[in-house]
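Input: a single structure, listed below in structure tokens.
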Amino acid sequence: MTAENTTPKLATAGDYVELLKPRIMMLVVFTALAGLVAATGVTGQGINPVLATVAILAVALGSGAAGAINMWYDADIDAVMTRTSTRPIPSGAVPKDEALTLGIIMSAVAVLLMWISTNVLAAGLLALSIVYYGWFYTMVLKRRTAQNIVIGGAAGAFPPVIGWAAVTGTTPLDAWILFAIIFFWTPPHFWALSLVAHKEYEKAGVPMLPVTQGAKATRNQILLYTIILAPIGLAPLATGLGGWVYGVVAAALTLVFMYFAAKVWRSEAGEPDAGAAERKLAMSMFAFSILYLFGLFAALIIEHGFGLYFAIGGF
């Protein structure tokens, strides 16, 4: 046995940050903030800035906690896939038990902070979102069904509802429209990536749609969910949640998203003989999908947070 094999790898601060899935956390925090700001603008109900900050911190901690639990449970398949093999647990930087303990403690702290700073409904929704991702998606769905992303997508859709509930203590239709946008956005977003990474999932035994149904069926589903998403993304205009700024941004981004979905649908992306152009197209759609979601929620923050909301006539 070599010295390299007997010397344990020491964890760095960066390893613990990565354990919390910071890229997902940023999106979760941003959409929760959008829900909080939109609720304030629509209802006229205010929230103390300090309490609002604590609430957003609680959402961030909850997201990180779910990420740590996910990495704890998925350490075996992360070690198999090339793109995840360097994560903190499979790389040997962070022990599995330590990751689980961190996830559980952070979950409790996050829910308690939300309860203290806002209300029991927001705290309950935060707890539900952690359990949904950390247990239901990770442990129940991911390795059992190709619909894991569809059903599990609800976990990432809760943050704007949590943000809304933190302000008002209620979850009206507008909050659930924001939920629906993220819910129906998740499948085309993730399946675009899985068209490129399907061999990795197959190697790890994860039944992602391209693995179980093939690339063509996946491209069909990407187009279908994008078509369903289009009117949902514009729904805030019908309820008055979104004004002119949102309308212009949503219409432009929806058209481009539809363009990418149609291009991917007509391509050979995900096929065994797919070339670099097809892989690049799928990854381009994946990257744009992030911009799409960011743009929609940023428009709501701009309108309701900076006093730039102008209602569209007729709604």
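The values are calculated or read from the model by the stated rules, or taken from the named source; none is laboratory data. Quantities reported herein were computed from a predicted structural model and do not represent experimental measurements. All Cβ positions, even for glycine, are placed from backbone atoms using ideal geometry, and neighbour counts span all protein chains on display.
Scan the stretch 132-162 for residues that are in a helix (DSSP H, G or I), in contact (Cβ under 8 Å) with a residue 24 or more places away in the chain and over 30 Å from T53 (Cβ atoms) and jot them down.
M139, N148, I149, V150 - these are the residues of the stretch 132-162 that are in a helix (DSSP H, G or I), in contact (Cβ under 8 Å) with a residue 24 or more places away in the chain and over 30 Å from T53 (Cβ atoms).
Using the structure shown, decide if L241 is among the hydrophobic types (A, V, I, L, M, F, W, C), in the same structural domain as P188 (by TED's automatic domain parsing), closer than 20 Å to F179 by Cβ and in contact with an Asp or Glu (Cβ under 9 Å, 6 or more places away or on another chain).
Judged against the criteria, L241 is a match.
Here is a list: A38, A58, A65, A34. Which entry is under 24 Å from A157 (Cα atoms), touching a Ser or Thr at 6+ places or on another chain (Cβ under 6 Å), modelled with pLDDT of 95 or more and hydrophobic (A, V, I, L, M, F, W, C)? Outline the logic, then answer.
Details: A38 fails: touching a Ser or Thr at 6+ places or on another chain (Cβ under 6 Å); A58 fails: touching a Ser or Thr at 6+ places or on another chain (Cβ under 6 Å); A34 fails: touching a Ser or Thr at 6+ places or on another chain (Cβ under 6 Å).
After ruling out the rest, the residue left standing is A65.
Looking at the stretch 75-98, I want the residues that are in a loop (DSSP other than H, G, I, E, B) and have a partner that is among the β-branched types (V, I, T) with Cβ atoms under 8 Å, at least 6 apart or on another chain. Which pairs are those?
These pairs meet every condition: P88/V94; P90/T84; A93/T12; P95/I89.
Taking the residues in the stretch 116-162 that are farther than 22 Å from W185 by Cα and under 18 Å from the mean Cα position of the chain (by Cα) as candidates, determine which candidate is surrounded by the fewest Cβ atoms within 10 Å (Cβ to Cβ).
M139
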